[in-house]
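Please read the structure below before turning to the comments.
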2 protein chains.
Amino acid sequence: MKSDIILLGHGSGGTLSHQLLDTLIIPILSAVALPDQNDAAVLPAESGRLAFTTDSFVVDPIFFPGGNIGDLAINGTVNDLAMAGATPLYISVGLILEEGLPIADLRRILHSMRQAADAAGVSIVTGDTKVVPRGKADRIFINTSGVGRLEHELVISGSSARPGDRVLINGPIGDHGMAVLASREGLALQSDIKSDCAPLNRLVQAILAAAGSDLHVLRDPTRGGVATTLKEICLQSQVDITLDELSLPIRDNVAGACAILGLDPLFVANEGKLLVVVAPDSADAVLAAMHATPEGVGATCIGEVGPGGEGRLRLRTAIGGLRSIEMLAGEQLPRIC
Amino acid sequence: MKSDIILLGHGSGGTLSHQLLDTLIIPILSAVALPDQNDAAVLPAESGRLAFTTDSFVVDPIFFPGGNIGDLAINGTVNDLAMAGATPLYISVGLILEEGLPIADLRRILHSMRQAADAAGVSIVTGDTKVVPRGKADRIFINTSGVGRLEHELVISGSSARPGDRVLINGPIGDHGMAVLASREGLALQSDIKSDCAPLNRLVQAILAAAGSDLHVLRDPTRGGVATTLKEICLQSQVDITLDELSLPIRDNVAGACAILGLDPLFVANEGKLLVVVAPDSADAVLAAMHATPEGVGATCIGEVGPGGEGRLRLRTAIGGLRSIEMLAGEQLPRIC
């Protein structure tokens, strides 16, 4: 690259665009040879149903403890496919770059994307790059869309929770949101809180194998955190869920940071966590299967679906009370993903 | 909607987000019911190969004569799938909204997206919405990704052009770029130049039916225009292409505006045009098939692939000379799509 920052011309479609694509973006992300570059990727036929998802990432700051906007963007879409019970296969990458972005930052982000894709076993097969003038974006925004294959006939959906089901999670909550917040605000507590950003597709395969048709809902509690995601499930399935406060896993440093800042960890974003709603007879087998995977060693049961069907989410507190949990109106923490 | 502008909280994942999705975005774009909203869309199994593409749209201004960022985003991805010879099926929509965007503008854009999707026969099946603070984006950016089905075994690729092939186009060049530029700069000429933004998938079906395996390349000359797109084909296929200046279709008002502004219409973006590289024996049949479709009435032959194989693009000028055409380094017109 002749320039060490992104120029408007890098988005022109002309030789500067080709140079950026041919010497930086494509070699790092996918290694497609020049003659094979076309407007769309052509992929093999797939047996079984398909899953298709999209997510844009605008996190601020773009680098934070435990990850950056690049691996976040890959893992986020891998996980959305996994939450449908699909095997993630193909990812597209749409970059919106602000004029002036250091090429070194872009290179670091692209390398993180490729590493995350390799770790999750997905291929980056198509992409697009736009450049906007200084002040018209914030360094880099990334859209990732994904295609996956469903190898089963199960209906895994937010509307499938049933009375008696158990609610499981694969580890401590709030790490991603607090890592990003601490990094953004330059808080001293940032040193020991890291994002949990991770691909969950292999954990989902283990859960599917253990639960079969007893698996009712999978959701990753990202924006809005565990509370918002469970409230959505309550409303979609028209069931009541009761969480047990004492069984909620949360790291001391995250709990401490939340207490200082007046934030409720139940509403803080996660990027490597999933919620499993499973029939009670399979709960122990699923927990055992989760414990046997790297992403599931901290798995635990945090609540259950009650007999009622009014869409209520409640917390059984440490002193034995029942507290109703509603969604927040707006932002606890903006631009967390 | 209680607010008439986009607030940061509309991107929070909380109740404001749900209100925006449930009362505006989802009813207009896809009409998915609340209980069916999940992280990924689950789609039927498809026989045959798949095509997958992505594109982000950052056009300025967001409304221009002949279209807006919404129908541009749908048609752009429909056309990228069509250029692979695929039948476009499913579209994802990723919105990045700037705080303060008028809800009325968003509603107008969403309606245009749905109308464009209906016109092209594709379904919007999944989406994502992010909000960034004022000054961190420019009103609205849209990513669309698309999945299509290939119903044939042809290899339609920029690397498939062969000596002797004819180069066809379906109508006049430069309309989109000049419409956007005129609208952005408030030029008086804007009154009579309109974007050619249109879906090309049905035109492609007609071309496929007429050409079969004689169809070698399909490309839509968007960013960089006809010249950049043909130069890419020259390089990918390692062939020489010669254009005939007198046969290039261009409207008088576009030619006049280009002359005044010192722009070369060969490098101006189109959003409803395609270039066809086809074996000579099928060229007339393909032209006839194109003429029988609404998007192809202006189809004409503009050049041919010569015997040489050095990746050169040349223009036979009106006075009989041969002028070499190279890609531009950077921008003639930034943020054209």
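Straight-line reach from B:LYS2: which aspartates and glutamates have Cα under 14 Å away, leaving out those fewer than 8 places along the same chain?
B:ASP22
Per DSSP H run of n ≥ 4, the term is -39500 (n - 2.57); total these for the protein assembly as shown, divide by its residue number, and report the mean residue ellipticity at 222 nm rounded to 500 deg cm²/dmol.
After summing the helix terms and dividing by residue count, I get -8500 deg cm²/dmol.
Out of every Cα pair in segment B:186-337, what percent are spaced more than 29 Å from each other?
17
Please compute the modelled spin-label separation between A:ALA318 and B:SER123, points set 7 Å along Cα→Cβ, answer in nm with one decimal.
Computed distance between label sites B:SER123 and A:ALA318 equals 4.9 nm.
What are the lysines whose alpha-carbon lies under 25 Å from the alpha-carbon of A:LYS194, with same-chain residues fewer than 8 places away excluded?
Hits, sequence-local ones excluded: A:LYS273, B:LYS130.
State the extension gain, in nm to one decimal, for the chain segment bounded by B:GLU185 and B:SER47, taking 0.36 nm per residue of separation less the distance between their alpha-carbons.
Value of the extension gain: 44.9 nm.
For q = 0.09, 0.10, 0.13 Å⁻¹, what log10 I(q)/I(0) does chain A give under the Debye formula with an equal point scatterer on each alpha carbon and no solvent?
-0.50, -0.61, -0.98
Calculate the spin-label point distance for A:LEU34 paired with A:ALA329, positioning each point 7 Å from the Cα along the beta-carbon direction, and give it in nanometres.
Here the answer is 5.8 nm between the modelled labels.
Which order, highest average first, do B:77-87, B:256-266 follow once you tally other Cβ atoms within 10 Å for each residue and take the mean per peptide?
Top to bottom by mean Cβ count within 10 Å: B:77-87, B:256-266.
How would you rank B:139-152, A:312-325, B:196-209, highest first, on the average number of other Cβ atoms within 10 Å across their residues?
For the peptides B:139-152, A:312-325, B:196-209, the packing ranking is B:139-152, B:196-209, A:312-325.
Calculate the mean, over all residues of peptide A:24-34, of how many other protein chain Cβ atoms lie within 10 angstrom of the residue's Cβ.
1
Translational D (Stokes-Einstein, µm²/s) of the protein assembly as shown at 20 °C and 1.002 mPa s when Rh comes from the Kirkwood sum over C-alpha pairs?
83
Calculated FRET efficiency, A:ALA292 and A:ASP192, Cβ-Cβ r, R0 30 Å, to nearest 0.05?
FRET efficiency, A:ALA292 to A:ASP192: 0.60.
For B:ARG162 paired with B:PHE63, estimate the spin-label separation in nm (one decimal), with each label point 7 Å from Cα along the Cα-to-Cβ line.
The modelled label-to-label distance comes out at 5.1 nm.
Give, as ranges by residue number, the residues of segment B:204-246 whose backbone N falls under 20 Å from the point 7 Å along Cα→Cβ of B:GLU153.
From segment B:204-246, the list is B:208-217.
How shielded is B:144-151 by partner chains, expressed as the average number of their Cβ atoms within 10 Å of its Cβ atoms?
Whole-number average of other-chain Cβ neighbours for B:144-151 is 5.
Name the residues whose placed amide hydrogens come within less than 5 Å of the amide hydrogen of A:LEU7, ignoring near sequence neighbours (fewer than 5 apart) on the same chain.
A:GLY100
Evaluate the Kirkwood expression for the hydrodynamic radius of segment B:8-150, namely the inverse of the mean inverse distance over all pairs of different C-alpha atoms, and round to one decimal in Å.
About 15.5 Å for segment B:8-150.
Amide H to amide H under 5 Å from B:LEU89: which residues, 5+ apart in sequence or cross-chain, H placed 1.01 Å off N in plane?
B:VAL147, B:GLY148, B:ARG149
A short reminder: the numbers here are calculations on the coordinates, not readings from a lab. This is a predicted model, so every value here is computed, not measured. Here the Cβ is made from the backbone with ideal geometry for all residues, glycine too, and neighbour counts use every protein chain on show.
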